[in-house]
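Asker: Encoded as structure tokens, here's the structure I'll be asking about.
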Amino acid sequence: MNSQLEKIIKKYDSNKYRLMDILIDIQAEFGHISKEATKDVAKELDMAVVDVEETLTFYHFFTNESVGNNTIYLNDSVVACMSGREEIKVAFENAAGCKFGEVTGDGKIGLFNTACIGMNDQEPAAIINGKIFPKLTPGAAKGIVAGLKDGVNVKDLHHQAYGDSKNASADIMSMVNNNIKKEGKVLFAEFTPGAALKTKLVSFTAKEVISEVKKSNIRGRGGAGFPTGLKWDFCSKSEGSKRYVLCNADEGEPGTFKDRVLLTERPEMLFDGMAIGAYAVGAQEGILYLRYEYKYLETYLEKVLEEARKDNRLGQNISGIEGFNFDIRIQYGAGAYVCGEETALIESAEGKRGEPRDKPPFPVAKGYMQLPTIINNVETFCSVVKIIENGGDWFKGIGTEDSSGTKLLSISGDCAESGVYEIEWGMTINEMLDMVGAKDVQAVQVSGPSGQLIGPKDYGRKICYSDLASGGSMIVLGKDRDILKEVVLNFMEFFIEESCGSCSTCRIIPKLMKERLEKILNGKGVMKDISDLEEWGSIPKVSRCGLGQTAANPIITSIANFRELYEAKVQKDVEYDCGFNMDDAVKASCAFVDRIPNAH
Ligand SMILES: Cc1cc2nc3c(=O)[nH]c(=O)nc-3n(C[C@H](O)[C@H](O)[C@H](O)COP(=O)(O)O)c2cc1C
Ligand code: SF4
């Protein structure tokens, strides 16, 4: 076996539950994971080759063929396209001399598309050899490729200054910007690492922590809004030889980037929050599940963890509390939106395909390694620190009756001030649009593709659980946007690409709906197509997880609020049109067998 490969496997004690880490390291070292490497890994981990292949083939950033010595992953999500992605794509292709999806003949450059990388406020953006290149211009793209061709290390390639605040620190040195536009009373208020642990937690029992969190009424900030105190209570009462605390930093919902900003500006707060969770439920091990796209923060986050250990905020007898032992490791993902779903995340953290589990049992009873586990979003853990510091009642006094505390919004699209805003729940969409300098707004995509597309009649609605709940992604769409083509179609393609494929409803219905939408966009639609779409839209609800259950939302909510856009595109005087086009069909079949169609 190759000695480098052997070293990687040994680094993880030949532990099959660390398969993700092993594959991530192999991909980084060799540029791909070859058949031989797959076999060697299987042998060393005492696994079937097919089981290693199952994991390897599931994730976007694992490849069994070379993706080039230098790999450019260019974001193809909605806001990237709205911000001039096409021009950047062409510039990369011209400079590299190959198309997207290909590697140059000399193997030096590979060009690939990728879903939202959490940089909506600084698009068009790409990940190049793990480093983020935001706000690309055609000139920058050309210069980057020239540098890579000349053998310049990607670390030394810059087309703009390092980003704001900690992004510019020696441990990150990234061009990414935080763009924090509004600081609220909780997350961006003054913060001293360890204060909650050392001054408050020391006088609380685990039960008292849970009751304080319950009193605060905080609900999970990852989207589903489940009451955090209740979740922790269930976990603390579940039978198990061990318990785990997992933090969901997968942040894959297109349009959201607030967790990235917390990870950059408030990692100490996050780790303190995870420690508080561990104290409450009696866990000794924690995992931060971090999306691969944010791996550029690795050195920095490891350093922050090390400092927390030195400061007795992690480790043994934390803050002097006898028997309170807890530590955290970082588990990287490898490019799969579905891994943000909590049970898929657990599967992935165990080294497997990110396929959601059937629920129940819920993670609080059988989670990581089938043991009781709490999983919370980055923002939830950070908020809990302030709840323990200032009390549940203080937190409950912020926001509205049913939605306590503050909420981070990631706002992007057609507005003057894209960025992260810490608002109090209860702000209206109108107030939000004023705040970000958005004018002539045609629509707002609330909570990303799995949320809803709303129009002006809803701008008076409040952002809170009893009205417009939101995980934080807000995309503003100006009056000139072609909503069906630029937004809805892109979102449907996203869901189709990201389905794990387990449920037939999730595999088939979004694809059929997208094809019907394309038929309408191609001028072949009739009124019945709109009603068919509405009817089919309810079928995915029986899918196993939230991805499939919401995959029809882009079409369903856009028909509900922008029906006129669909009606304007269909043929009113035609009752039936099968949408078949002979010329297109001939072209497609000729392309398949590499023939040139006859002119007629
Ligand atoms: C397809 C899908 C993707 C998800 N992605 C995320 C994510 O990136 N981050 C997150 O915190 N929650 C995500 N969730 C929600 C999680 O399943 C879970 O509810 C959440 O992590 C719980 O934490 P919270 O209670 O603190 O919100 C996703 C759910 C689904 C169905
Ligand atoms: S709904 Fe879709 S993503 Fe979720 S388990 Fe089923 S196939 Fe997989």
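Asker: Could you give the alpha-carbon Rg of segment 528-568 over 2.2 N^0.38 Å, rounded to two decimals? Intermediate values should be presented prior to the final figure.
Answerer: Working: Rg = 10.8 Å, N = 41, 2.2 N^0.38 = 9.0 Å.
Normalised by 2.2 N^0.38 Å, the Cα Rg of segment 528-568 equals 1.20.
Asker: Please identify every one of the trypsin sites (Lys or Arg not before Pro) in segment 96-173 that sits in a loop by DSSP and has no more than 15 other beta carbons within 10 Å of its own beta carbon. Please list the in-between numbers first.
Answerer: Numbers: sites: Lys99, Lys108, Lys131, Lys135, Lys142, Lys149, Lys155, Lys166; in loops: Lys99, Lys108, Lys135.
Answer by residue number: Lys99.
Asker: Moving to a separate point now. In whole Hz and in residue order, list the ³J(HN,Hα) couplings for segment 166-183 that follow from phi through the Karplus curve 6.51 cos²θ - 1.76 cosθ + 1.60, θ = phi - 60°; x for Gly and Pro.
Answerer: Once rounded to whole Hz, the list reads 5, 4, 8, 5, 4, 7, 10, 6, 10, 7, 5, 10, 6, 6, 6, 9, 8, 9.
Asker: Shape call for segment 187-243 from the C-alpha gyration tensor, a ≥ b ≥ c root eigenvalues: rounded (a/c under 1.5), prolate (a/b greater than b/c) or oblate? Walk me through the numbers on the way to the answer.
Answerer: Values: a/c = 1.98, a/b = 1.21, b/c = 1.64.
Oblate is the answer for segment 187-243, as a/c is 1.5 or above yet b/c matches or exceeds a/b.
Asker: Now, a different point. How big is the gap, in Å, between the Cα center of segment 519-548 and the Cα center of segment 149-220?
Answerer: Rounded to whole Å, the Cα centres lie 40 Å apart.
Asker: Give the relative contact order (percent, whole number) for segment 102-238; include only Cα pairs under 8 Å separated by 6+ residues. Write out the running numbers ahead of the final one.
Answerer: Numbers: 112 pairs, mean separation 16.4, N = 137.
In percent, rounded to a whole number, it is 12.
Asker: Still on this model: For segment 329-380, report the translational diffusion coefficient in µm²/s to the nearest whole number, using Stokes-Einstein at 25 °C, 0.890 mPa s, and a Kirkwood Rh over Cα pairs. Could you put the intermediate results ahead of the total?
Answerer: Details: Rh = 11.2 Å.
Diffusion coefficient, whole number: 220 µm²/s.
Asker: Tell me the net charge near Lys10. Cut-off is 13 Å between Cβ atoms, Lys10 excluded, with +1 for each Lys or Arg and -1 for each Asp or Glu. Write out the running numbers ahead of the final one.
Answerer: Numbers: positive: Lys7, Lys11, Arg18; negative: Glu6, Asp13, Asp21, Asp25, Asp40, Glu44.
It works out to a net charge of -3.
Asker: Work out how much length Lys181 to Lys237 would gain on full extension: take 0.36 nm times their residue separation and subtract the Cα-Cα distance, in nm to one decimal.
Answerer: Details: separation 56, 0.36 × 56 = 20.16 nm, distance 4.08 nm.
This chain segment gains 16.1 nm when fully extended.
Asker: Okay, next question. Rounded to whole Å, give me the distance from the Cα center of segment 270-344 to that of segment 461-490.
Answerer: 32 Å
Asker: Let me ask another. Looking at this model, which pairs from Lys359/Lys485; Lys303/Lys352; Lys16/Lys149; Lys181/Lys366 are more than 32 angstrom apart at the alpha-carbon? Walk me through the intermediate numbers first.
Answerer: Working: Lys359/Lys485 36 Å; Lys303/Lys352 28 Å; Lys16/Lys149 37 Å; Lys181/Lys366 40 Å.
Result: Lys359/Lys485; Lys16/Lys149; Lys181/Lys366 exceed 32 Å.
Asker: Can you tell me the dipole magnitude for segment 538-600 around its Cα centre, using point charges on the Cβ only (Lys, Arg +1; Asp, Glu -1), in Debye to the nearest 20? Provide the component values of the computation, followed by the final result.
Answerer: On the way: 7 positive and 8 negative charges, 79 e Å.
The dipole of segment 538-600 has a size of about 380 debye.
Asker: Along the Cα-to-C-beta direction of Asn598, a point sits 7 Å from the Cα; which residues of segment 568-583 have their amide N less than 20 Å from that point?
Answerer: Backbone N within reach: 581-583.
Asker: Hey, another quick one. So for the chain, averaging the separation of alpha carbon pairs under 8 Å that are six or more residues apart and normalising by length, what relative contact order in percent results? Show your work: numbers first, answer last.
Answerer: Details: 1184 pairs, mean separation 76.7, N = 600.
Relative contact order here is 13 percent.
Asker: Moving on to the next point. Rounded, prolate or oblate: which fits segment 345-418 when a ≥ b ≥ c are the square roots of the eigenvalues of the alpha-carbon gyration tensor, with rounded for a/c under 1.5 and prolate only if a/b beats b/c?
Answerer: Values: a/c = 2.76, a/b = 1.45, b/c = 1.90.
It comes out oblate by the Cα gyration axes.
Asker: Over segment 458-600, average the accessible area per residue using a 1.4 Å probe and give it in Å², no decimals.
Answerer: Numbers: 7460 Å² over 143 residues.
That works out to 52 Å² per residue.
Asker: Moving to a separate point now. Taking 45 Å as R0, compute the FRET efficiency from the Cβ-Cβ separation of Ser504 and Lys479 and round it to 0.05.
Answerer: On the way: r = 39 Å, r/R0 = 0.88.
Taking R0 as 45 Å, the efficiency between Ser504 and Lys479 is 0.70.
Asker: Residue by residue through segment 543-553, which ³J(HN,Hα) values in whole Hz follow from phi under the Karplus form 6.51 cos²θ - 1.76 cosθ + 1.60 (θ = phi - 60°), with glycine and proline marked x?
Answerer: 5, 5, 10, x, 4, x, 5, 10, 5, 8, 3
Asker: Run the numbers for Glu497 and Ala170: contour at 0.36 nm per residue of separation, minus the present Cα-Cα distance, in nm.
Answerer: Working: separation 327, 0.36 × 327 = 117.72 nm, distance 3.67 nm.
Result: 114.1 nm gained on full extension.
Asker: Suppose every Lys and Arg Cβ carries +1 and every Asp and Glu Cβ carries -1, with no other charges. What dipole size does the chain come out with about its Cα centre, to the nearest 20 debye? Let's see the in-between values first.
Answerer: Numbers: 71 positive and 87 negative charges, 151 e Å.
Here the chain has a charge dipole of around 720 debye.
Asker: Ok, one more. Quick one: which residues, 5 or more positions from Asn70 or on another chain, have an amide H under 5 Å from its amide H? H modelled 1.01 Å from N in the peptide plane, none for Pro or chain starts.
Answerer: Ile109, Gly110
Asker: Same structure again: Which whole-Hz ³J(HN,Hα) couplings does segment 237-254 yield from phi under the Karplus relation 6.51 cos²θ - 1.76 cosθ + 1.60, θ = phi - 60°, glycine and proline marked x?
Answerer: Taking θ as phi minus 60°, the curve returns 9, 7, 6, x, 6, 8, 9, 10, 10, 10, 10, 8, 10, 7, 5, x, 5, x Hz for segment 237-254.
Asker: Antiparallel as a % of all DSSP beta bridges within the chain, to the nearest 5?
Answerer: Of those bridges, close to 45 percent are antiparallel.
Asker: Report, largest value first, the span of the C-alpha coordinates of segment 217-293 along each principal axis, in whole Å.
Answerer: Taking the Cα atoms of segment 217-293, the three principal extents are 38, 22, 20 Å.
Asker: Return the long-range amide H neighbours of Tyr244 (sequence gap of 5 or more, or a different chain), with a cut-off of under 5 Å between placed amide H atoms.
Answerer: Thr373, Ile374
Asker: Please label the shape of segment 12-59 as rounded, prolate or oblate, based on the square roots a ≥ b ≥ c of the eigenvalues of the alpha-carbon gyration tensor (a/c under 1.5 means rounded; beyond that, a/b larger than b/c means prolate, else oblate).
Answerer: On the way: a/c = 1.38, a/b = 1.18, b/c = 1.17.
Rounded.
Asker: Hey, another quick one. Would you mind checking the pairs Lys182/Lys258; Lys207/Lys237; Lys214/Lys396; Lys185/Lys457 and listing those with alpha carbons more than 19 angstrom apart? List each step's numbers first, then the result.
Answerer: On the way: Lys182/Lys258 12 Å; Lys207/Lys237 11 Å; Lys214/Lys396 10 Å; Lys185/Lys457 30 Å.
Over 19 Å apart, Cα to Cα: Lys185/Lys457.
Asker: If I compute solvent accessible area with a 1.4 Å probe over the protein chains, what percent of it on the chain is carbon and sulfur? It would help to have the intermediate numbers written out before the result.
Answerer: Values: 11930 of 24490 Å².
Result for the chain: 49 percent of the exposed heavy-atom area is carbon or sulfur.
Asker: Give me the net charge for the shell around Gly147: Cβ to Cβ below 13 angstrom, other residues only, Lys and Arg +1, Asp and Glu -1. Mind dumping the intermediate values first?
Answerer: Working: positive: Lys108, Lys131, Lys142, Lys149, Lys155; negative: Asp150, Asp156.
Summing Lys/Arg as +1 and Asp/Glu as -1 gives +3.
Asker: Using every pair of alpha-carbon atoms in the chain, split the distances into 20 Å bins beginning at 0 and state the percent of pairs per bin, rounded to integers.
Answerer: Histogram of Cα-Cα distances, whole percents per bin: 19, 54, 25, 2, 0.
Asker: Accessible area per residue, 1.4 Å probe, Å², for segment 228-314: what's the number?
Answerer: Details: 2450 Å² over 87 residues.
I get 28 Å² per residue for this part.
Asker: For segment 457-569, what is the convex hull volume of the alpha-carbon atoms per residue, in Å³?
Answerer: 118 Å³
Asker: While we're looking at this one, here's another question. Mind computing the radius of gyration and Dmax over the alpha-carbon atoms of segment 523-600? Å is fine for both.
Answerer: 17.2, 49
Asker: Okay, moving on. How large is the accessible surface per residue of segment 1-134, computed with a 1.4 Å probe and reported in Å² as a whole number?
Answerer: Numbers: 5570 Å² over 134 residues.
Accessible area per residue, segment 1-134: 42 Å².
Asker: Still on this structure, please answer the following. Which residues' amide hydrogens lie under 5 Å from the amide hydrogen of Ser404, considering only partners 5 or more residues apart or on another chain, with H built in the peptide plane?
Answerer: Result for Ser404 returns Arg219.
Asker: With a Cα-only, solvent-free Debye model of segment 341-495, what are the log10 I(q)/I(0) values at q = 0.09, 0.15, 0.17, 0.19 Å⁻¹?
Answerer: -0.39, -0.95, -1.08, -1.16
The values are calculated or read from the model by the stated rules, or taken from the named source; none is laboratory data. Here the structure is a predicted model, which is why all the values come from computation and not from measurement. For neighbour counting, all protein chains shown are included, and Cβ atoms are generated from backbone atoms with ideal geometry for every residue, glycine included. Note: accessible area is taken over every heavy atom of the protein model, side chains too, but ligands, DNA and RNA are not part of it. Shrake-Rupley method; radii C 1.70, N 1.55, O 1.52, S 1.80 Å.
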